[in-house]
1. What is the one condition in (1) within 28 Å of ALA55 (Cβ to Cβ); (2) of a type in the set (A, V, I, L, M, F, W, C); (3) touching a strand residue (DSSP E or B) at 6+ places or on another chain (Cβ under 9 Å) that VAL204 does not satisfy?
2. Here are some residues: VAL226, VAL221, VAL270, VAL274. Which one is touching a Phe, Trp or Tyr at 6+ places or on another chain (Cβ under 8 Å) and not basic (Lys, Arg)?
3. Can you find, within the range 305-330, the residue that is surrounded by the fewest Cβ atoms within 10 Å (Cβ to Cβ) among those that are aliphatic (A, V, I, L, M) and touching a residue at least 60 places away in the same chain (Cβ under 8 Å)?
4. I need the full set of residues from the range 42-98 which are outside any helix (DSSP H, G or I), among the aliphatic types (A, V, I, L, M) and either over 18 Å from GLN109 (Cα atoms) or outside the structural domain of GLU127 (by TED's automatic domain parsing) (or both), in order please.
5. What helices (runs of 4 or more DSSP H) lie completely within the range 143-215 and have 1 or more residues being touching a Lys or Arg at 6+ places or on another chain (Cβ under 9 Å) and under 28 Å from GLU131 (Cα atoms)?
6. Please specify each residue of the range 102-143 satisfying the condition of being surrounded by 17 or more Cβ atoms within 10 Å (Cβ to Cβ), of a type in the set (A, V, I, L, M) and under 19 Å from the mean Cα position of the chain (by Cα).
7. Quick one: how many residues across the range 335-344 are crowded, with 16+ Cβ neighbours inside 10 Å and over 23 Å from GLU259 (Cβ atoms)?
8. Give me the pairs, please: first residue somewhere in the range 136-150 and of a type in the set (Ser, Thr, Tyr), second residue anywhere and part of a strand (DSSP E or B), beta-carbon distance under 8 Å, and either six or more positions apart or on two chains.
Amino acid sequence: MAKSNPSLQRTQAAAIVLSTALLTACGGGGHPEPTPSRDLDLRIERLDQDLFRNAGDSATNFSLKLYAEYGSFFKDYVERILQAAPIDDPRLPIALTNFAMNPDWRAVQQRADSVFGDMGPQRAEFETAFERLLSYFPDSITPRVVVFNSGFNYGIAPTDSVLGIGVEWFIGPDHKVISLLAPDAFPQYLKERMRPEMLVPSAVKGWLQTHYTRDTRGEDVLTNLVEIGRVMYLLNTLQIEINPALNFAFTDAQLKWCEDNEFNIWTALVTGQVLYSKKATDVDRLLNDGPFTNGFPRESPGHIGEWIGYRMVSAYMKAHPEVTMAQLFALDDPRVVLKTYKPR
């Protein structure tokens, strides 16, 4: 993004994690809903509003004020996420002011303020999800939730302790600025996901992927399917109230297509001899995003491997109700999960 005059027609690759929640009817496994071990009083911090309200204030150095408030995450925000300027660059306040005073970005921020208000409903959903996570993993970190405006650079930006959320990615696909985003970097299927109801499941999924997965590069397709399947199973359990079809970033029609064609999807993987393939192209084809999954009909969703992985893990947990969530994530042999999977 340009440091002094951000342009909507960027071709820079966008980073976003968008997701949906599948209800237990799709194979939750029969495990009881967790009883939260403690009540959280989670606060959503609004870096986006603080920046747009204070940028250009000549009476104080607003960037130093924000640095003091948000700590190391503010450094990460201005340098990596917004790509404005180094934290110690004297030109940083100018770059931030230019961004916050840009009419397009101000319009986007105004839309975010209008759509989300004080984010009370989202805060409640986050509290429920992270209370449940603590019941499964008592030593887990409850993140500091910080909302920012990245100019469509990052949708979800988890760190070790902060769950950063680019609010502009969820203001609704009908906003005029979204229609101006370069189609090569922002294809239509991605724009259609930029809905308010995607914010919480997207953010929680991003946090889980960062903190509850290991590096599976170089490993076979099966290992990768089980790895992401565990995350999707956990995500579903943490957010059982979330409307179906949000966790996987599928449309309702795509989710139904998966349910109707589960056996055919699995047959294609087995007969195509890709299940034990270690080729990056095979893994990427099943897990990378897109309007559909290559090798499957155009009615299929992209990253179909997430759904198949979820179905495999759900079947394993249904067959082994004694297995705890911690034990599930401690499994190191994906073939144990595979043994219980019988696609419909």
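1. Every condition holds for VAL204 apart from (1).
2. Step by step, each of VAL226, VAL221, VAL270, VAL274 is checked, and only VAL221 is touching a Phe, Trp or Tyr at 6+ places or on another chain (Cβ under 8 Å) and not basic (Lys, Arg).
3. Looking at the filtered set, the residue picked out is ALA326.
4. Of everything in the range 42-98, those that are outside any helix (DSSP H, G or I), among the aliphatic types (A, V, I, L, M) and either over 18 Å from GLN109 (Cα atoms) or outside the structural domain of GLU127 (by TED's automatic domain parsing) (or both) turn out to be LEU42, ALA59, ALA85, ILE87.
5. 199-211
6. Residues satisfying the conditions are ALA112, MET119, ALA129, LEU133.
7. Matching residues across the range 335-344 total 0.
8. SER150/ALA157; SER150/GLY166
The values are calculated or read from the model by the stated rules, or taken from the named source; none is laboratory data. Values in this document were obtained by computation on a predicted structure and should not be read as measured data. A quick note on method: Cβ atoms are made from the backbone with ideal geometry, for glycine too, and the neighbour counts reach across all protein chains shown.
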